[in-house]
Amino acid sequence: MKKKRIAAALLALGLGTVTVFSQIPAFAAEETSDNTAAAAQQVQTADPSVVTTNGIEGWPQASDISSTAAIVMETSTNTVLYSKNADQALYPASAVKVMTCLLALENSSLDDQVTMTATGVSGVTDGGANISAQLDEVFTMEQCLYAIMIASANDIALQVAEHISGSVDAFVQAMNTRAQELGCTDTVFTNPTGLPDENQHTTARDMALIMETAMENDTFRTIAATTSYTIPATNVSGGDRVLTNNFTMINNTSDGYYDACIGGKEGYTEASGSTLVCEASKNNMKLVCVVLHGASGATDNEAITLLNYGFDNFSPLTIADNDFNRLSGGTVIVPNGTGEDGLTTEDTSSDGQIMRQYYFSKTPVGTAVLEDTQQETDDAAITGQKNMEAAKAFSASHTDVPYYIIGAIGAAFLLFFLFLMIRVIKS
């Protein structure tokens with residue numbers, strides 16, 4: 001670390017030059033006649049006006065899907081690998097329950113006792129999925145969360161909302177606030193269940209941000225990957241409730257099973273069509289995939305196609321830190337075979353740190369937080385100047401010996417002291 005700081009100080013004067021050159025874009029190599037297979041593939045790929053990531057120069061070309069909107073996003077950098085109508089507002093259906101569970105986990109304990117009231121029981125007859133909860137029946141919050149994610153239970157979602165916020169309306173307001181905190185720009189929740197409401201909508205990009213945050217929670221990740229769960233007999237029910245997850249991507253007996261999938265949720269209403277959110281882990285990457293407004297029974301296979309596209313065509317690249325002191329970050333997600341020379345950067349300095357954004361063909365692919373070595377050098381110079389002025393003032397008022405002679409004596413004493421310390425350490 002000491003060596004890095006010394007090197008950083010010496011290279012401070014060259015930082016401006018490095019920054020100038022780092023802004024020069026790198027262009028992809030021209031296609032040659034030997035690349036006929038890639039050229040043939042591009043003929044079959046989606047129009048970049050539809051799949052907008054296909055319009056990025058040098059980006060791996062992807063095929064279209066039948067669903068209206070979709071996104072694939074890498075979780076550590078939020079790099080968007082695939083985008084089709086990712087900012088189009090659409091009905092979310094049961095994908096809403098990802099936010100319902102996230103908010104519950106952030107504002108309750110798993111052993112909380114949740115008692116069913118008329119609010120929750122109304123969800124048994126509202127036309128959606130439920131576990132036939134009864135008035136005054138008591139569940140733990142943990143059981144409630146499994147019921148919401150596995151059985152998509154509307155009765156339990158409504159009761160959890162009231163339990164946490166005092167009313168469903170207050171809970172919905174908290175859902176919208178949390179969505180804004182996560183960076184969602186076009187999401188409006190009107191209920192915690194996902195039942196149709198013309199005012200309730202989200203986008204593929206927003207749902208990816210919500211799912212990414214939810215999957216960072218260990219408990220949510222466990223629940224989202226569970227295929228079966230049993231709620232024992234309660235104070236009202238006479239027996240166990242065995243809940244079975246219909247999410248095909250985590251069911252190894254299903255045609256839609258995807259081995260890399262580590263959790264997700266699928267829903268359907270006539271208004272929303274089929275919706276799907278999931279996360280998968282493979283090749284040292286975690287990818288969130290969202291598919292909205294698809295055909296029933298098609299979204300799982302389309303999600304698999306998109307995830308395979310992401311895992312097969314992109315990989316993480318860790319940027320070397322031999323010319324600066326990196327505090328965090330520094331890994332980017334880029335098309336396979338891309339090196340550092342294929343990237344450009346943009347630096348923003350604040351509070352003694354530099355935020356460096358990496359780009360591939362003007363597309364953000366990762367960030368790093370760097371130590372502002374120039375700021376350290378400036379601070380050291382200011383401190384040195386102040387010390388010199390203090391020494392001069394002290395010398396003038398206490399002795400006839402010039403301050404620079406006193407300073408020289410002090411420096412010689414310090415060098416002698418350091419010499420002795422080195423001898424002691426070596427011995």
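The values are calculated or read from the model by the stated rules, or taken from the named source; none is laboratory data. What you see is a predicted model; the values in this text were computed from it and never measured. No Cβ is skipped: glycine too gets one built from the backbone with ideal geometry, and neighbour counts run over all protein chains shown. Keep in mind that these areas ignore ligands, DNA and RNA; they rest on the heavy atoms of the full protein, side chains included. Shrake-Rupley method; radii C 1.70, N 1.55, O 1.52, S 1.80 Å.
Q357: net charge of surrounding residues, Cβ under 12 Å, Lys/Arg +1, Asp/Glu -1, itself excluded?
Details: positive: R356, K362; negative: E346, D347.
Its environment carries a net charge of 0.
For the range 187-287, which whole-number percentage of the solvent-accessible area (1.4 Å probe, protein heavy atoms only) is attributable to carbon and sulfur atoms?
On the way: 1750 of 4240 Å².
Answer for the range 187-287: carbon and sulfur cover 41 percent of the accessible area.
Putting +1 on Lys and Arg Cβ atoms and -1 on Asp and Glu Cβ atoms, find which of L287, G342, T331 reaches farthest to the positive end of the dipole of the range 282-359.
Going by the Cα projections, it comes out as L287.
With a sphere of radius 10 Å drawn around the Cβ of M149, what net charge do the other residues whose Cβ falls strictly inside it have (Lys, Arg +1; Asp, Glu -1)?
Details: positive: K97, K265; negative: none.
Neighbour charge sum, excluding M149 itself: +2.
Please work out the FRET efficiency for the pair Q134 and E346, using the Cβ-Cβ distance as r and a Förster radius of 41 Å; give the result to the nearest 0.05.
0.10
Once you charge only the Cβ atoms, +1 for Lys and Arg and -1 for Asp and Glu, what is the size of the charge dipole of the range 105-167 about its Cα centre, to the nearest 20 debye? Don't jump to the answer; show the numbers that get you there.
Values: 0 positive and 9 negative charges, 30 e Å.
The dipole magnitude comes to about 140 debye.
Leaving ligands and nucleic acids out of the surface, order H163, H201 by accessible area at 1.4 Å, largest first.
Numbers: H163 75, H201 40 Å².
These residues rank, largest area first, as H163, H201.
Peptides 152-162, 223-233, 304-314, 108-118: what's the order by average Cβ count within 10 Å, highest mean first?
My ranking of the peptides, most packed first, is 152-162, 304-314, 223-233, 108-118.
Hey, can you find the accessible area per residue of the range 235-357 for me, probe 1.4 Å, expressed in square angstrom?
Numbers: 5490 Å² over 123 residues.
About 45 Å² of surface per residue is accessible.
Counting other C-beta atoms within 10 Å, and keeping those with at most 15, which DSSP coil chymotrypsin sites (Phe, Trp or Tyr not before Pro) do you find in the range 237-270? Walk me through the intermediate numbers first.
On the way: sites: F247, Y257, Y258, Y268; in loops: F247, Y257, Y258.
Answer in residue order: Y257.
Once you have the Cα-Cα distance between D255 and D112, take 0.36 nm times their residue separation minus that, and quote the gain in nm to one decimal. Can you show the working numbers first?
Working: separation 143, 0.36 × 143 = 51.48 nm, distance 3.75 nm.
Length difference between fully extended and current span is 47.7 nm.
Using the Cβ atoms and a cut-off under 15 Å, what net charge is assigned to the surroundings of A89, where Lys and Arg are +1 and Asp and Glu are -1? Before the final figure, lay out the partial values.
On the way: positive: K84, R205; negative: D87, D186, D197, E198, D206.
It works out to a net charge of -3.
Quick check on packing: order 234-243, 272-281, 138-147 by the mean number of other C-beta atoms within 10 Å, highest mean leading.
272-281, 138-147, 234-243
To the nearest 20 Debye, how big is the dipole of the range 153-215 about its Cα centre, given +1 on the beta carbon of each Lys and Arg and -1 on that of each Asp and Glu?
Numbers: 2 positive and 9 negative charges, 31 e Å.
Here the range 153-215 has a charge dipole of around 140 debye.
Using a simple spin-label model with points 7 Å from Cα along the Cα→Cβ vector, what separation in nm is obtained for E270 and L182?
2.9
Taking the Cα centre of the range 40-156 as origin, sum charge times position over the Cβ atoms of Lys and Arg (+1) and Asp and Glu (-1), and report the length of that vector in debye to the nearest 20.
Numbers: 2 positive and 13 negative charges, 70 e Å.
Dipole about the Cα centre, nearest 20: 340 debye.
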